[in-house]
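Derivation of every value follows stated rules applied to the coordinates shown; laboratory data play no part. As the structure is a computational prediction, the values presented were derived from the model and not from experiment. Using ideal geometry, Cβ is built from the backbone for each residue, glycine included, and neighbour counts are taken over all protein chains shown.
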Amino acid sequence: MAENPLAIIGELDVELFKNVEATQTLALADGVLPGKVKLLMALALDASHGTIEGTRALTQQAMKAGATKEEGHGDFEGGAIH
């Protein structure tokens with residue numbers, strides 16, 4: 001798995017990194033929307049901003065959460081990213 005692109009925060013401020021991770025876990029957990037859908041939305045946002053490491057990490061997280069390659073690629077079908 002790709003290194004966590006937010007790991008640099010942990011090197012600078014361990015407590016802040018713990019809070020960021022806890023917030024991310026809560027925000028991306030299953031709820032009204034499944035976690036994989038939330039991860040795919042985050043993936044599309046990262047990709048649209050060209051954040052390669054974030055996109056890579058979110059792709060792996062989404063697939064681990066049950067997203068298929070087709071679902072991941074579907075995020076980019078209607079946009080300028082191919």
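I'm checking my understanding of the structure. Among residues of the range 1-19 that are under 13 Å from the mean Cα position of the chain (by Cα) and surrounded by 12 or more Cβ atoms within 10 Å (Cβ to Cβ), which one is nearest to residue 63 (Cα to Cα)?
Among those that are under 13 Å from the mean Cα position of the chain (by Cα) and surrounded by 12 or more Cβ atoms within 10 Å (Cβ to Cβ), it is 2.
Could you tell me how many of the residues in the range 20-52 are hydrophobic (A, V, I, L, M, F, W, C) and farther than 19 Å from residue 63 by Cβ?
Count: 4.
Which residue pairs have Cβ atoms closer than 6 Å, lie 6 or more positions apart in sequence or on different chains, and pair a first residue in the range 50-61 that is in contact (Cβ under 8 Å) with a residue 24 or more places away in the chain and surrounded by 19 or more Cβ atoms within 10 Å (Cβ to Cβ) with a second residue that is part of a loop (DSSP other than H, G, I, E, B) and not hydroxyl-bearing (Ser, Thr, Tyr)?
Filtered contacts from the range 50-61: 54/5; 57/2; 57/5.
Across the range 1-15, what is the number of residues that are closer than 21 Å to residue 46 by Cα and assigned to a helix (DSSP H, G or I)?
Number satisfying all stated conditions: 4.
Pull out all pairs, ordered by first then second residue, where Cβ-Cβ is under 9 Å, the residues are six or more apart or on different chains, the first lies in the range 18-29 and is more than 18 Å from residue 54 (Cβ to Cβ), and the second is in a helix (DSSP H, G or I) and of a type outside the set (Gly, Ala, Ser).
Here the result reads 29/38, each pair linking the range 18-29 to a residue that is in a helix (DSSP H, G or I) and of a type outside the set (Gly, Ala, Ser).
Looking only at the range 24-44, how many residues end up being within 17 Å of residue 6 (Cβ to Cβ) and surrounded by 14 or more Cβ atoms within 10 Å (Cβ to Cβ)?
Counting residues in the range 24-44 that are within 17 Å of residue 6 (Cβ to Cβ) and surrounded by 14 or more Cβ atoms within 10 Å (Cβ to Cβ) gives 6.
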